[in-house]
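One structure is given below, encoded as structure tokens.
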Amino acid sequence: MAASRYRRFLRLCEEWPVEETKRQRDLGAFLRQRVAQAFREGENTPISDPEACDQMYESLVRIHTNYYKNKFPRLKDTTFTGVTVEDCRMILATDILKQMEDMKKGTWRRLREKFSAKKPEEDLK
């Protein structure tokens, strides 16, 4: 039975898209990593709690298939602020977040990081 669970999770991982704009914060990449950890021995991995495993799989399938988005359709595809889905994707992209983080730094700190030979994390220690 563990073999069929393993194959179902693998199929889900193959179908789940990876968003390149969210490096190190992507749910698809995290899912692949967790499945690899959980099924270290592949199809021969013993499963201690099969019910919890099945429940986790069904929950992930509902997320992947937009079950609740389809069950409870929205009238508009914007938030109360008027921001669209595409605007949210752009704002949450890793590159944009890094730029915003750099903008928050003070002028002195930016200059020190620019001309310093050591990494900024070492200054904090």
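The values are calculated or read from the model by the stated rules, or taken from the named source; none is laboratory data. Keep in mind that what you see is a predicted model, and the values were worked out from it rather than measured. Using ideal geometry, Cβ is built from the backbone for each residue, glycine included, and neighbour counts are taken over all protein chains shown. Please note that ligands, DNA and RNA were not included when accessible areas were found on the heavy atoms of the full protein model with its side chains. Shrake-Rupley method; radii C 1.70, N 1.55, O 1.52, S 1.80 Å.
Look at (1) loosely packed, with under 11 Cβ neighbours inside 10 Å; (2) under 30 Å from LEU10 (Cβ atoms); (3) modelled with pLDDT under 75 and you find that LEU92 fails only one, number (1). Please enumerate the residues belonging to the range 54-80 that are closer than 19 Å to GLU15 by Cα, open to solvent by 100 Å² or more (accessible area, probe 1.4 Å) and among the charged types (D, E, K, R). Correct list: LYS69 only. Out of the residues in the range 1-40 meeting the condition of being open to solvent by less than 40 Å² (accessible area, probe 1.4 Å) and touching a residue at least 40 places away in the same chain (Cβ under 8 Å), tell me which one is nearest to ARG89 (Cα to Cα). Here the residue is TRP16.
Against the test of being open to solvent by 50 Å² or more (accessible area, probe 1.4 Å) and in contact (Cβ under 8 Å) with a residue 24 or more places away in the chain, the options GLU51, GLU43 yield a single qualifying residue, GLU43.
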